[in-house]
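Q: Dropping a structure here in structure tokens format, bear with me for questions.
The values are calculated or read from the model by the stated rules, or taken from the named source; none is laboratory data. On a predicted model such as this, the values are computed, not experimentally measured, just so you know. As a convention, Cβ positions derive from the backbone with ideal geometry for all residues, glycine included, and neighbour counts pool all protein chains shown. To get the accessible areas, we keep the full protein, side chains included, count just its heavy atoms, and leave off ligands, DNA and RNA. Shrake-Rupley method; radii C 1.70, N 1.55, O 1.52, S 1.80 Å.
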Amino acid sequence: TQLLEQSPQFLSIQEGENLTVYCNSSSVFSSLQWYRQEPGEGPVLLVTVVTGGEVKKLKRLTFQFGDARKDSSLHITAAQPGDTGLYLCAGAGGGSQGNLIFGKGTKLSVKP
Amino acid sequence: DAGVTQSPTHLIKTRGQQVTLRCSPISGHKSVSWYQQVLGQGPQFIFQYYEKEERGRGNFPDRFSARQFPNYSSELNVNALLLGDSALYLCASSFRLQSIYEQYFGPGTRLTVT
């Protein structure tokens with residue numbers, strides 16, 4: 001069974017601080033996606049990483065896919081209150097099915 | 001372009017009742033997946049449909065069923081509702097079947113079973 005472990009589970013920081021969220025597994029994933037979800041809404045896709053060692057930047061967000069495609073990290077520079085939300089990583093197992101396997105998420109709160 | 005739409009937004013049902021949730025994918029997307037998200041957890045995969053055929057099923061009981069229509073919209077049915085079925089039900093669409101193609105989620109249907 002493929003599982004994704006996210007850490008930390010909760011994170012409360014002040015505006016302007018940097019943070020890193022981790023997503024780890026013992027399984028290999030063909031790709032990994034990061035989503036942000038706000039209360040009562042569906043997850044919004046932030047990025048997809050496909051190649052081992054890949055780094056993608058989205059403004060103040062930096063995403064990295066591990067060389068072995070078993071882990072990923074999300075780094076936010078100079079966090080803002082608008083970054084508050086639930087950050088979910090989701091792995092694609094590959095093959096003919098398209099289901100995503102989600103971690104439990106990291107709940108981020110950025111205080112002004 | 002319109003995103004994934006789901007209806008209804010909220011629903012309150014009693015134990016033992018049946019419920020039908022609806023989803024319209026992004027125009028041009030042929031794959032629809034359903035996920036259940038209970039409070040404090042990540043979404044869990046229920047079903048995936050592609051070209052009107054079931055292509056994947058998660059670890060959910062037979063009380064859960066779904067179908068996809070010729071216009072690629074989809075319905076999720078849950079029979080004999082239990083209190084534990086209370087959750088946010090999410091629909092996601094993607095262009096193709098394979099998981100490498102990105103999935104885009106709707107706002108969800110909040111189901112409360114009393």
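Q: Please note which strands (runs of 3 or more DSSP E) are completely contained in chain A and include at least 1 residues that are open to solvent by less than 50 Å² (accessible area, probe 1.4 Å), touching a residue at least 12 places away in the same chain (Cβ under 8 Å) and not aromatic (Phe, Trp, Tyr).
A: Of the strands (runs of 3 or more DSSP E) lying wholly inside chain A, those with at least 1 residues that are open to solvent by less than 50 Å² (accessible area, probe 1.4 Å), touching a residue at least 12 places away in the same chain (Cβ under 8 Å) and not aromatic (Phe, Trp, Tyr) span A:5-7, A:10-14, A:19-24, A:31-37, A:44-49, A:61-65, A:71-76, A:85-92, A:100-102, A:106-111.
Q: Considering the stretch B:21-65 alone, what residues qualify as being hydrophobic (A, V, I, L, M, F, W, C) and within 18 Å of B:Tyr104 (Cβ to Cβ)?
A: B:Leu21, B:Cys23, B:Ile26, B:Val32, B:Trp34, B:Phe45, B:Ile46, B:Phe47
Q: Can you name the residue in the stretch B:31-45 that is part of a loop (DSSP other than H, G, I, E, B) and surrounded by 13 or more Cβ atoms within 10 Å (Cβ to Cβ) and, of all such residues, is farthest from the other protein chains (Cβ to nearest Cβ)?
A: B:Val38
Q: List pairs: first residue in the stretch B:7-19 and over 20 Å from B:Ala66 (Cβ atoms), second residue modelled with pLDDT of 95 or more and among the hydroxyl-bearing types (Ser, Thr, Tyr) anywhere in the structure, Cβ distance under 7 angstrom, at least six positions apart or on different chains.
A: So the pair list comes out as B:Ile12/B:Thr112; B:Ile12/B:Thr114; B:Thr14/B:Thr114.
Q: Within the stretch B:78-104, which residues are open to solvent by less than 30 Å² (accessible area, probe 1.4 Å), at pLDDT 95 or above and of a type outside the set (A, V, I, L, M)?
A: Matches in the stretch B:78-104: B:Asp85, B:Tyr89, B:Cys91.
Q: Considering each residue of the stretch B:1-13, count those that are within 11 Å of chain A (Cβ to nearest Cβ) and outside any strand (DSSP E or B), and give that number.
A: The total comes to 3.
Q: Can you find a residue in the stretch B:46-60 that is modelled with pLDDT of 95 or more and open to solvent by 50 Å² or more (accessible area, probe 1.4 Å)?
A: No, every residue in the stretch B:46-60 fails to be modelled with pLDDT of 95 or more and open to solvent by 50 Å² or more (accessible area, probe 1.4 Å).
Q: Hey, among the residues in the stretch A:22-70 that are within 24 Å of B:Pro107 (Cβ to Cβ) and among the acidic types (Asp, Glu), which one's farthest from the other protein chains (Cβ to nearest Cβ)?
A: Checking each candidate, the answer is A:Glu38.
Q: Could you say which residue among B:Gly28, B:Gly16, B:Gly56 is assigned to a loop (DSSP other than H, G, I, E, B) and more than 17 Å from B:Val4 (Cβ to Cβ)?
A: B:Gly16
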